[in-house]
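Have a look at the structure below before the remarks.
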Amino acid sequence: ADIINLSLGGSNFSQIAQDLFTEVRAEGVITIAAAGNRASSVPFYPAAYEGVLSVSAVDINKNLARYSNFGPTIDLAAPGGDNTADINVDGFPDGVLSTCGNDSTGVIEFVYCFFQGTSMAAPHVAGVVALMKAIYPALTPEELDILLASGLIIEDLGPAGRDDQFGSGLIDAFGAVVEAQNLVGGGAVPLTLIVTPAALNFGPQS
């Protein structure tokens, strides 16, 4: 694996686990983990291990999600959703839309559902890093750390610079891809669909 996403965790530290994550990082593998959903600054593992990117969650307004952990171990933030709100008034909860399997009838029915949590935020980051690796396969954990600290692949939220709620800031997928292009000597970024309306819906013509 080039990238590991860990949407799981607990409060107990393990030196054996720390040694493993140190070894994994030394092999060039980027590990990303959910910061936890306890609205607490108590370290949450594996996110709090040295060498693991700890991801807090923001809501639709880019505020720290009400459930998200925070503290000195947070490295960056990503969308985590909030199923208790509908701030954009689209008739759906402001969670992260995901794929689910409903087997209540004995046969799995594949459906969409809304989730919330830092477990949703962490794979947003893992997906962006995967885009970077697709363009620049040589990306190392150390280079990613430098890019995060530089502000080139994040949107700074909260106080200027790193803070205990958002870490370096909110992951910026477009900025990350641009920097990956720069790392391979430049090149054109794929064309992007740009629309003027605030909302765009695709569906059959009436």
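Please tell me if D145 is among the acidic types (D, E) and part of a loop (DSSP other than H, G, I, E, B). Quick ask: steps written out before the conclusion?
Working: among the acidic types (D, E): yes; part of a loop (DSSP other than H, G, I, E, B): no.
Spelling it out, it is not the case that D145 is among the acidic types (D, E) and part of a loop (DSSP other than H, G, I, E, B).
So which residues in region 39-57 are of a type outside the set (G, A, S) and not in a loop (DSSP other than H, G, I, E, B), if there are any at all? Show your work before the answer.
Initial filter on region 39-57 (of a type outside the set (G, A, S)): 42-46, 49-50, 52-53, 55.
Passing the criteria: Y45, V52, L53, V55.
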Which numbered condition D86 misses (of (1) of a type outside the set (A, V, I, L, M, F, W, C); (2) open to solvent by less than 70 Å² (accessible area, probe 1.4 Å); (3) within 26 Å of G10 (Cα to Cα)): (3)
Where G36 falls short, out of the listed (1) at negative phi; (2) assigned to a loop (DSSP other than H, G, I, E, B); (3) open to solvent by less than 20 Å² (accessible area, probe 1.4 Å): (1)
Just to be sure, is F92 outside any strand (DSSP E or B), closer than 17 Å to F44 by Cα and out of contact with any helix residue (DSSP H, G or I) (no Cβ under 9 Å at 6 or more places or on another chain)? no
For region 84-100, indicate whether the set of residues that are among the polar types (S, T, N, Q) and touching a residue at least 40 places away in the same chain (Cβ under 8 Å) is non-empty. no
Working only within region 75-121, note down all residues that are touching a Gly at 6+ places or on another chain (Cβ under 9 Å) and on the phi > 0 side of the Ramachandran plot. G81, G117
Which members of region 102-146 meet the condition of being surrounded by 14 or more Cβ atoms within 10 Å (Cβ to Cβ) and of a type in the set (D, E)? E143, D145
Here are some conditions: (1) in contact (Cβ under 8 Å) with a residue 40 or more places away in the chain; (2) surrounded by 14 or more Cβ atoms within 10 Å (Cβ to Cβ); (3) part of a loop (DSSP other than H, G, I, E, B); (4) not acidic (D, E). P72 meets all but one. Which one does it not meet? (2)
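Quick test for you: out of L8, L64, pick the one residue that is in contact (Cβ under 8 Å) with a residue 12 or more places away in the chain, open to solvent by less than 80 Å² (accessible area, probe 1.4 Å), within 26 Å of P141 (Cβ to Cβ) and of a type outside the set (F, W, Y).
Values: L8 fails: open to solvent by less than 80 Å² (accessible area, probe 1.4 Å).
After applying the criteria, what remains is L64.
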What pairs come out if I take residues in region 156-178 that are on the phi > 0 side of the Ramachandran plot and pair them with residues that are open to solvent by 40 Å² or more (accessible area, probe 1.4 Å) whose C-beta lies under 7 Å away, six or more apart or interchain? G158/Q165; G167/D75; G169/E155; G169/D156
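Restrict the check to region 11-31 and report whether at least one residue is of a type in the set (S, T, N, Q), surrounded by 17 or more Cβ atoms within 10 Å (Cβ to Cβ) and closer than 17 Å to D163 by Cα. Can you show your working first?
Applying the first criterion (of a type in the set (S, T, N, Q)) to region 11-31 yields 11-12, 14-15, 18, 22, 31.
Filter again for surrounded by 17 or more Cβ atoms within 10 Å (Cβ to Cβ), leaving 18, 31.
Narrowing the set further to residues that are closer than 17 Å to D163 by Cα leaves none.
Within region 11-31 (the criterion being of a type in the set (S, T, N, Q), surrounded by 17 or more Cβ atoms within 10 Å (Cβ to Cβ) and closer than 17 Å to D163 by Cα), the answer is no, since none of the residues qualifies.
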With the first residue restricted to region 128-149 and required to be more than 16 Å from F174 (Cα to Cα), and the second required to be of a type in the set (S, T, N, Q) and crowded, with 19+ Cβ neighbours inside 10 Å, Cβ contacts under 7 Å at 6 or more apart or on different chains are A149/S168
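The values are calculated or read from the model by the stated rules, or taken from the named source; none is laboratory data. Just so you know, these numbers come straight off a predicted model, no measurement behind them. Backbone-built Cβ (ideal geometry, glycine too); neighbour counts: all protein chains shown. The protein model used for the area step is the full one, side chains on, heavy atoms only, and it has no ligands, DNA or RNA in it. Shrake-Rupley method; radii C 1.70, N 1.55, O 1.52, S 1.80 Å.
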